[in-house]
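Right, one structure below, let's go through it.
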Amino acid sequence: MSAQSAKHMIAKNIGVLGAGQLGRMLALAGYPLGNTFTFLDTTGNPSAGIGEVIVDPENQHLAAFLDKVDVVTYEFEHLPVELVKQIEQHKPVYPGSRAIAVCQNRVEEKTLFDRLGIPTPAYRVVESAEQLAAAAAELGCPVVAKSVTEGYDGKGQAVLKAPEQAQEAWDSIGHTQLIVEAFVDFVREVSMIAVRGRDGEVVFYPMAENQHVDGILRYSVAPLPDLDDSVQQTADGYIRALLDELDYVGVLALELFQTRDGSLLANEMAPRVHNSGHWTMDGAVTSQFENHLRAVQGLPLGATNAIAPTCMVNVIGLEGDNAALLAIADTHLHRYDKAERPGRKLAHVNVVASSHAELLEKVRACQALIPDAPPVEWSFESTL
Ligand code: AMP
């Protein structure tokens, strides 16, 4: 593509479905590219705090939104697929509606992983408490039961220590169809973030290690000093297969478990910029947000390599001592303009260091300044 035609391909106004912190960070990355942003919020509770926000809980302003935008993307995948298909009739939507349909349904997601040869924990699909008990006995407890739809951040899930807990788990989840998975004794949870352009070009970020507490991400660290190249290449292969199969455009996140023998089992994917990729804002040559915008506009993708060891620290529920956090060298605060509320993601801190040992020290200093931040536990700590 010539520089001239690339110049004219820049979409001026990007439409974003959803208006939370991911949309906010997309906009912050897009202004330097000359983009403007219009958000469509259906929750009645937008928090982007930037660009134009159309609040539309009754679904009455779609036409006005579409009139304003050149291309549409989203920051939340639990959207009605029919709505996205309707939008696709009028404006390009990236990633497309098929990616949404697959990612919002754990059965479809697992079926796709199986078809592409991407290993997953052993699983069964069940539609009653009796079937749940039978699956738990067959797979061997503990097992994790998850609602097929509407699950995220560990919501709609229960761990069964024995098949006798099936009725209680079934009642607590309250869905008509569940996936039951063998509980993986993982060494660590990792994620892959990759980006596919409109022309099929794919770039991969270094794998991150993620620490969750109660299903909510607390820390992501990348790159991983003990990661075998072959494991990264295997993960690249898995995510590339998904991107190509879905004819995907934009950022895709794939969460995986790494087991003792180094092998990877796919947990779930998200068709959007992802919390485990926030470290790229300060730790990679091009952030996931900029690369997503480059992709949806048909522009060349930016380099994904890490600049230095980086850790993303989530601030959840209550904010910490922000001035003290910023006093730690090479620490960057990203606040989301949200009111404090238990369990709510309010901000994150990216900590950059010249070595992983120094990074760990600085992340522990951050932890001490953030209310209720759990102890930092990295799988490779003993190697530092
Ligand atoms: P999910 O919503 O599927 O990402 O699950 C939330 C968290 O629950 C994951 O990040 C894991 O910490 C844990 N988890 C989910 N599935 C399993 C599993 N099959 N084995 C062990 N832990 C799991």
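The values are calculated or read from the model by the stated rules, or taken from the named source; none is laboratory data. Treat the numbers as computed from the prediction; the structure is a model and nothing was measured. Please note: Cβ atoms are built from the backbone with ideal geometry, for glycine as well, and neighbour counts cover all protein chains shown.
Are any residues in segment 156-173 more than 16 Å from the ligand (Cβ to nearest atom) and either acidic (Asp, Glu) or on the phi > 0 side of the Ramachandran plot (or both), and if so, which ones?
Within segment 156-173, Glu164, Glu168, Asp171 qualify.
Within segment 107-117, identify whether any single residue is out of contact with any Ser or Thr (no Cβ under 7 Å at 6 or more places or on another chain), surrounded by 17 or more Cβ atoms within 10 Å (Cβ to Cβ) and modelled with pLDDT of 95 or more, and answer yes or no.
Within segment 107-117 (the criterion being out of contact with any Ser or Thr (no Cβ under 7 Å at 6 or more places or on another chain), surrounded by 17 or more Cβ atoms within 10 Å (Cβ to Cβ) and modelled with pLDDT of 95 or more), the answer is yes, since at least one residue qualifies.
Which condition from (1) among the hydroxyl-bearing types (Ser, Thr, Tyr); (2) over 14 Å from the mean Cα position of the chain (by Cα); (3) assigned to a strand (DSSP E or B) is the one that Ser191 breaks?
(2)
Answer yes if at least one residue in segment 352-375 is under 19 Å from the mean Cα position of the chain (by Cα) and in a loop (DSSP other than H, G, I, E, B), and no otherwise.
No, segment 352-375 contains no residue that is under 19 Å from the mean Cα position of the chain (by Cα) and in a loop (DSSP other than H, G, I, E, B).
Take the conditions surrounded by fewer than 23 Cβ atoms within 10 Å (Cβ to Cβ), within 30 Å of Lys362 (Cβ to Cβ) and not hydrophobic (A, V, I, L, M, F, W, C) and apply them to Asp185. Does it pass?
No, not satisfied.
Given the structure, is Ala339 more than 16 Å from the ligand (Cβ to nearest atom), without any contact (Cβ under 8 Å) to a residue 12 or more places away in the chain and part of a helix (DSSP H, G or I)?
no
Which numbered condition in (1) in a helix (DSSP H, G or I); (2) surrounded by 15 or more Cβ atoms within 10 Å (Cβ to Cβ) is the only one that Glu77 fails?
With (1) in a helix (DSSP H, G or I); (2) surrounded by 15 or more Cβ atoms within 10 Å (Cβ to Cβ) applied to Glu77, the lone miss is (1).
Could you list, in sequence order, all residues of segment 218-234 that are within 16 Å of the ligand (Cβ to nearest atom) and within 16 Å of Val187 (Cα to Cα)?
Tyr219, Ser220, Val221
So if I check each of Asp247, Asp236, which one is of a type in the set (Asp, Glu), surrounded by fewer than 18 Cβ atoms within 10 Å (Cβ to Cβ) and closer than 17 Å to Val102 by Cα?
Asp247
Search segment 220-247 for residues that are touching a residue at least 24 places away in the same chain (Cβ under 8 Å) and pair each with any residue that is assigned to a helix (DSSP H, G or I) when their beta-carbon atoms are under 6 Å apart and the residues are at least 6 apart or on different chains.
These pairs meet every condition: Ser220/Ser276; Pro225/His356; Asp226/Thr383; Leu246/Arg98; Leu246/Ala99.
Any chance segment 291-312 includes a residue that's basic (Lys, Arg) and in contact with a helix residue (DSSP H, G or I) (Cβ under 8 Å, 6 or more places away or on another chain)?
yes
Every residue, every condition in (1) part of a helix (DSSP H, G or I); (2) of a type in the set (A, V, I, L, M, F, W, C); (3) within 15 Å of the ligand (Cβ to nearest atom), yes or no:
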{"position": "Thr73", "(1), (2), (3)": "no, no, no"}
{"position": "Lys91", "(1), (2), (3)": "no, no, no"}
{"position": "Ile100", "(1), (2), (3)": "yes, yes, no"}
{"position": "Glu109", "(1), (2), (3)": "yes, no, yes"}
{"position": "Ile118", "(1), (2), (3)": "no, yes, yes"}
{"position": "Val125", "(1), (2), (3)": "no, yes, yes"}
{"position": "Ala135", "(1), (2), (3)": "yes, yes, yes"}
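Within segment 98-122, how many residues are under 11 Å from Ala266 (Cβ atoms) and hydroxyl-bearing (Ser, Thr, Tyr)?
1
If the requirement is being modelled with pLDDT of 95 or more, closer than 17 Å to Ile307 by Cβ and crowded, with 20+ Cβ neighbours inside 10 Å, which of these qualifies: Leu346, Leu359?
Just a single option satisfies the conditions, and that option is Leu359.
What's the number of the condition Arg272 fails, among (1) modelled with pLDDT under 95; (2) within 16 Å of the ligand (Cβ to nearest atom)?
Tallying (1) modelled with pLDDT under 95; (2) within 16 Å of the ligand (Cβ to nearest atom), Arg272 fails exactly one: (1).
Restricting to segment 166-188, and then to whatever is in a loop (DSSP other than H, G, I, E, B) and either touching a residue at least 40 places away in the same chain (Cβ under 8 Å) or closer than 23 Å to Arg240 by Cβ (or both), can you tell me which residue is farthest from the chain's Cα centre (by Cα)?
Selected residue: Thr176.
Going residue by residue through segment 140-155, is there one that turns out to be within 11 Å of the ligand (Cβ to nearest atom), modelled with pLDDT of 90 or more, surrounded by 17 or more Cβ atoms within 10 Å (Cβ to Cβ) and β-branched (Val, Ile, Thr)?
The answer is yes, given that some residue of segment 140-155 is within 11 Å of the ligand (Cβ to nearest atom), modelled with pLDDT of 90 or more, surrounded by 17 or more Cβ atoms within 10 Å (Cβ to Cβ) and β-branched (Val, Ile, Thr).
Okay, residues lined up against (1) surrounded by fewer than 23 Cβ atoms within 10 Å (Cβ to Cβ); (2) closer than 22 Å to Arg335 by Cα; (3) modelled with pLDDT of 95 or more:
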| position | (1), (2), (3) |
| --- | --- |
| Ala266 | no, no, yes |
| Gly277 | no, yes, yes |
| Met281 | yes, yes, yes |
| Leu293 | no, yes, yes |
| Leu301 | yes, no, yes |
| Met312 | no, yes, yes |
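Take the residues in segment 76-103 that are charged (D, E, K, R) and within 17 Å of Leu254 (Cα to Cα); name whichever of them is nearest to the chain's Cα centre (by Cα).
Glu77
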